[in-house]
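Have a look at the structure below before the remarks.
The values are calculated or read from the model by the stated rules, or taken from the named source; none is laboratory data. This one's a predicted model, so the numbers in the text were calculated from it and none came from an experiment. Heads up, the Cβs are rebuilt from the backbone with ideal geometry, glycines too, and the neighbour counts pull from every protein chain shown.
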Amino acid sequence: MLLHAGVADRRMWNAQVDALVSRRTVVRCDLPGYGGTPVEPGAAGCDAEDVLALLDELGVEGFALVGASYGGYVALQVTSAVPDRVERLVLLDAAADLIEPDESLREVWRQEQSLVEIGDLAGATDLMVDTWLGPDADDDHRALLRDMQRRAFDLQVAAGDEGANRDLPVDLARITASVTVVVGHHDLSFFRATARVLADGFPHADLVELAWAGHLPSLERPAETARGGHGPGMNLWPRRGSRLLVSLLLGPGLARLGPGARSVALIAAAHVDRVALIWPARAGRRQGQERLKKGLLNSKQRCPPGSITAVDRVSEDS
């Protein structure tokens, strides 16, 4: 189960799906307010509950879970809610409500909010692309992120500001799965610090720093991220021998799916900047100090739980 970042949608996992599908069933979706899942004006909901409702609808019991940015925050909620169902957890530059946002992150929120409020969605989109992609991203993936982010802005601005996104509680002590926390060396300091706090907070966790990566490694070096960090030039500094996507999801302890098995790799596209934790297009629009701290995580407009409408379920035979 892959949960995309808040500035993206399910397309951010294209290369990873191709790498995983020979060994696992892969499901990816657009959370409400992203890609192919529009939002209803004024509706409230919970992204983690939407993901759980989707898994239940698909008949998925056990699954490996990967979350990028805001998708990592949703993954933490899901894993805290159903720890016995999550076999392995991989967090890529994940957001989490564990430390205070620093000034560099708040400045990104302020700039984004200002551009959205004056109707300059093109400028806000450019800001997100420049902020969240590292130096190795090529023109095609910059264009893809620009398209995904602009789609999210269009959907969320059209939905208005009245809705609210509710979180499920996160309790690291409840999470029993093996955890790998991955962070890019070129990411903002808030996410690098969050990665260290997360890795220290789990009973069993590895910390990996990608020397070349910014905030979205799956769009910066897609093939290497898909292979699990074994490609040329991928310098990892694991705290205790970490592995990435394919090697993480398919390593010891997770057998290849057999006939009728229900273990699934679900790739849900959450938004790195909003529902994908990196600043919802509406990030920072709430009143008071919490607007900057929580806007990034919670300000996306919502549909009722179970309202995910854009889903791909891919297996080797499909």
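Consider the stretch 209-220. How many of its residues are closer than 18 Å to Val66 by Cα and surrounded by fewer than 24 Cβ atoms within 10 Å (Cβ to Cβ)?
2
Would you confirm whether any residue within the stretch 60-68 is under 14 Å from the mean Cα position of the chain (by Cα), on the phi > 0 side of the Ramachandran plot and at pLDDT 95 or above?
Checked against the condition, which is being under 14 Å from the mean Cα position of the chain (by Cα), on the phi > 0 side of the Ramachandran plot and at pLDDT 95 or above, the stretch 60-68 yields no hits at all.
Among the residues of the stretch 81-97, which ones are within 14 Å of Ser69 (Cα to Cα) and of a type in the set (Asp, Glu)?
Result: Asp93, Asp97.
For the stretch 1-90, which fully contained helices (runs of 4 or more DSSP H) count at least 1 residues that are touching a His at 6+ places or on another chain (Cβ under 8 Å) and closer than 18 Å to Ala177 by Cβ?
Those helices (runs of 4 or more DSSP H) span 70-81.
State whether one or more residues within the stretch 211-219 are under 25 Å from Arg106 (Cβ atoms), assigned to a helix (DSSP H, G or I) and touching a residue at least 12 places away in the same chain (Cβ under 8 Å).
Checked against the condition, which is being under 25 Å from Arg106 (Cβ atoms), assigned to a helix (DSSP H, G or I) and touching a residue at least 12 places away in the same chain (Cβ under 8 Å), the stretch 211-219 yields at least one hit.
Go through (1) among the basic types (Lys, Arg); (2) farther than 28 Å from Glu49 by Cα; (3) touching a Pro at 6+ places or on another chain (Cβ under 6 Å) one by one and return the number of the condition Arg142 breaks.
Just one mismatch for Arg142, condition (3).
Could you count how many residues in the stretch 155-194 are surrounded by fewer than 16 Cβ atoms within 10 Å (Cβ to Cβ), at pLDDT 95 or above and of a type in the set (S, T, N, Q)?
Summing the residues that are surrounded by fewer than 16 Cβ atoms within 10 Å (Cβ to Cβ), at pLDDT 95 or above and of a type in the set (S, T, N, Q) in the stretch 155-194 gives 1.
Give me the pairs: first residue in the stretch 15-29 and modelled with pLDDT under 85, second residue surrounded by fewer than 24 Cβ atoms within 10 Å (Cβ to Cβ), beta-carbon distance under 6 Å, and six or more apart or on different chains, which are they?
The qualifying pairs are Val21/Val314; Val21/Glu316; Ser22/Glu316; Arg23/Leu250; Arg23/Arg256; Arg24/Leu257.
Here are Ala143, Ala137: which of them is under 28 Å from Ala310 (Cα atoms) and without any contact (Cβ under 8 Å) to a residue 12 or more places away in the chain? Break it down stepwise before answering.
Values: Ala137 fails: without any contact (Cβ under 8 Å) to a residue 12 or more places away in the chain.
After ruling out the rest, the residue left standing is Ala143.
If I ask for residues that are farther than 20 Å from Leu188 by Cα and either of a type in the set (Asp, Glu) or loosely packed, with under 14 Cβ neighbours inside 10 Å (or both), which ones from the stretch 101-137 would you list?
The answer is Glu117, Ile118, Gly119, Asp120, Ala122.
Examine the stretch 60-73 for a residue that is more than 24 Å from Asp187 (Cβ to Cβ) and touching a helix residue (DSSP H, G or I) at 6+ places or on another chain (Cβ under 8 Å), and state whether such a residue exists.
Within the stretch 60-73, one or more residues are more than 24 Å from Asp187 (Cβ to Cβ) and touching a helix residue (DSSP H, G or I) at 6+ places or on another chain (Cβ under 8 Å).
May I ask you to list pairs of residues, at least six apart or on different chains, whose Cβ atoms are under 6 Å apart, with the first in the stretch 164-178 being on the phi < 0 side of the Ramachandran plot and the second being among the aliphatic types (A, V, I, L, M)?
Ala164/Ala44; Leu168/Ala48; Leu168/Ala81; Val170/Leu76; Ala177/Val86; Ala177/Leu89
Keeping to the stretch 179-210, report how many residues are in contact (Cβ under 8 Å) with a residue 40 or more places away in the chain, in contact with a strand residue (DSSP E or B) (Cβ under 7 Å, 6 or more places away or on another chain) and in a loop (DSSP other than H, G, I, E, B).
Final tally of qualifying residues: 0.
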